[in-house]
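Inspection log for the structure reproduced underneath, given as structure tokens.
Bear in mind that the values in this text are calculations on the coordinates, not laboratory data. What you see is a predicted model, and the numbers here were worked out from it, not measured in a lab. Cβ placement follows ideal geometry from the backbone for every residue including glycine, while neighbour counts extend to all protein chains displayed.
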């Protein structure tokens with residue numbers, strides 16, 4: 001039985017699952033590993049955008065521009 005501290009279950013639509021299976025097959029990965037990789041890549045993209053936005057705010061208007069939002 002999977003360790004509930006290490007793994008969690010999620011539900012996706014059948015259409016999303018079918019797409020995930022095709023992507024995983026194409027990249028020769030297990031479905032769970034493929035989904036984890038896709039999540040990690042998306043998370044890194046979001047973090048980069050947040051960091052970039054924060055840097056722009058601080059360089060353009062200083063702390064006052066951050067506090068205005």
Legend entry - residue 30 paired with residue 5, simple spin-label distance in nm, labels 7 Å along Cα-to-beta-carbon: 2.0 nm
Inset, instruction - Measure off 7 Å from each Cα along the Cα-to-Cβ vector at residue 38 and residue 54, then give the distance between these two points in nanometres to one decimal. - result: 2.8 nm
